[in-house]
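Report on the following structure.
The values are calculated or read from the model by the stated rules, or taken from the named source; none is laboratory data. Bear in mind that the values here come from a model prediction, so they are computed numbers and not experimental data. All Cβ positions, even for glycine, are placed from backbone atoms using ideal geometry, and neighbour counts span all protein chains on display.
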Amino acid sequence: MNATARSDEHQALLKHFFDGKVLGLARAITVVENERAGFQELLHTVMASGPQTKRVGFTGPPGAGKSSLVAAVATEYRKLDEHLGVVAVDPTSPYSGGALLGDRIRMNDISTDPGIFIRSMATRGSLGGLAATTKEVVDLMDAFGFDRVLVETVGVGQTELEVTAAADTVVVVLVPESGDAIQAMKAGLMEIADVFVVNKADRPGAPRLVKELRQALHLRAGSALQDIPAHHGVDLGQAMKKERTTDAPAKEPEGWSVPVLTTNALTNEGVEKLLDTISEHRVWLEESGEIEQRRRARAAIRIRDVVDREMRRVAWKSDDVQRLLREGVEEISAGDGTPYSAADVILGTLLR
Amino acid sequence: MIASAFRDAGFEVVYTGLHQTPEMIVNAAVQEDVDVVAMSVLSGAHMTLFPRVKMLLDEADADHMLLTGGGIIPEDDVTELERQGVGRLFGPGTSTADAIAYVNEWFATTHAG
């Protein structure tokens, strides 16, 4: 397709998009997801008005019931007449490059509601719990005018921390079977959670997990040791506080203590309370100015992403660089160089 | 089984589960902006369901999508549905490789250039 035809196609697509037609959004997402030529201009056009929507991320280990919980939460928001976008990420098979995207199964009850738009995405090799372009897709949904966008991470392991780059409020969903609070700490979930949810709370082990999480959160906040008198000249409470000022991530300032809630997505138990908590977090985000901090942090990530992607593209499409790459391989194979010496030559050319 | 076969052939498959209404199917197809809609109809209602989905897809400005599928469908019905713009329909015992080859071929011819 030549550039003019493509530009015409994008114009038509943008018209649908700004007219609020679902088809326009769906196709815009495809253009962005496949990083088709012109996708950056498209994003630039729709993002001009800046972030408006409320973004809530759901992450947690596989089997935690994230999809069911997102479906339950979405149903509640629909009762409040909020227009919703939902992005659900599932893993791409590393063997075939294909993917089985099954999150819609849990959302069948709401799948024909015109007030909700659900899009499945495959990770396509991206780690971190999101697909490579999930953040951009959330931006598209934001620009499309949804009141709220729910993002569900893939749920395969312990490195799903990228959700913070897509969401204002991060809900970490655990189940009694997902292990103890120590595992959650190791996985870095303490740092990213704005709200903890212990789902399938009717199962044995749930009260214990809730208790452990609360203890771990207190410990993190330093409050568990505040009342303990100084021992051997070291005030542990103070030591903890001090450590926190240096180590604590920027995203957890004073004033929000991470709650641990219990839900049962299948019976809807605790879901209303979860919505209330998400609202409270929203109020806190806005009143404390934290929302602005998070949006700025996100903007920085996004700028880096775009620059990284373009630099890679520009670098490797250059014939000079391709030639230097081949020469580097020859040198290494002849015993005359290392990847570092070859890379030095290439970087020298690029930065000249 | 079909879904995982397509996954293993490198497709991204949005699996919606069983017992979908035509409205649910078309809604999902539009939101996910898919290339192909594949339906399995074993209930005998294929002469209602395939035309209905085809009509809803056309109405949704999604007539570029391939509608295909399978089930226990008599030869005459297959011919009639194809006349109405439905793609190839596969009977019981079809190998998944045939279905995958068909979709690949369709994609290559419709998305050439």
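Remarks
- Each residue in segment B:3-22 was checked for being touching a helix residue (DSSP H, G or I) at 6+ places or on another chain (Cβ under 7 Å), outside any loop (DSSP other than H, G, I, E, B) and facing chain A (nearest Cβ under 8 Å), and 3 of them qualify.
- Checked against (1) touching a Lys or Arg at 6+ places or on another chain (Cβ under 8 Å); (2) on the phi > 0 side of the Ramachandran plot, A:Leu100 passes all but a single condition, namely (2).
- Taken as a whole, segment A:284-298 holds no residue that is exposed (fewer than 15 other Cβ atoms within 10 Å of the Cβ), under 18 Å from A:Gly57 (Cα atoms) and β-branched (Val, Ile, Thr).
- Qualifying positions in segment A:62-100 - under 18 Å from the mean Cα position of the chain (by Cα) and part of a loop (DSSP other than H, G, I, E, B): A:Pro62, A:Ala64, A:Gly65, A:Pro91
- Taking segment B:30-57 as the range and being part of a strand (DSSP E or B) and out of contact with any helix residue (DSSP H, G or I) (no Cβ under 6 Å at 6 or more places or on another chain) as the test, the residues that pass are B:Ala38, B:Met39, B:Ser40.
- Qualifying residue in segment A:23-37 (condition: over 16 Å from A:Thr263 (Cα atoms), within 17 Å of the chain's Cα centre (by Cα), touching a residue at least 12 places away in the same chain (Cβ under 8 Å) and assigned to a loop (DSSP other than H, G, I, E, B)): no
- If you go through segment A:299-352 and pick out every residue that is surrounded by fewer than 10 Cβ atoms within 10 Å (Cβ to Cβ), among the hydrophobic types (A, V, I, L, M, F, W, C) and in a helix (DSSP H, G or I), you end up with 1.
- Condition met for A:Glu310 (closer than 29 Å to A:Ser49 by Cβ and either in the same structural domain as A:Leu161 (by TED's automatic domain parsing) or of a type in the set (Asp, Glu) (or both)): yes
- Criterion applied to A:Thr277, A:Thr267, A:Thr245 was being modelled with pLDDT under 95, out of contact with any Cys (no Cβ under 6 Å at 6 or more places or on another chain), of a type in the set (Ser, Thr, Tyr) and part of a helix (DSSP H, G or I), and the one residue passing it is A:Thr245.
- Every residue from segment B:60-87 that is touching a residue at least 24 places away in the same chain (Cβ under 8 Å) and closer than 15 Å to B:Asn27 by Cβ: B:Ala60, B:Ala62, B:Met65, B:Leu67
- Residue ID - farthest from A:Leu161 (Cα to Cα), chosen from residues in segment A:101-139 that are facing chain B (nearest Cβ under 7 Å) and in a loop (DSSP other than H, G, I, E, B): A:Thr112
- Any chance A:Val70 is surrounded by 24 or more Cβ atoms within 10 Å (Cβ to Cβ), within 14 Å of another protein chain (Cβ to nearest Cβ) and in contact with an Asp or Glu (Cβ under 9 Å, 6 or more places away or on another chain): no
- Residue match in segment B:55-69 (condition: among the polar types (S, T, N, Q) and either within 14 Å of chain A (Cβ to nearest Cβ) or over 12 Å from the mean Cα position of the chain (by Cα) (or both)): no
- The single condition among (1) at pLDDT below 90; (2) of a type outside the set (Asp, Glu); (3) under 25 Å from the mean Cα position of the chain (by Cα) that A:Ala224 does not meet is (3).
- Any hit, segment A:142-162, residues being surrounded by 22 or more Cβ atoms within 10 Å (Cβ to Cβ) and within 13 Å of chain B (Cβ to nearest Cβ): yes
- Within this structure, B:Arg7 passes the test of being closer than 26 Å to A:Tyr95 by Cα and of a type outside the set (Gly, Ala, Ser).
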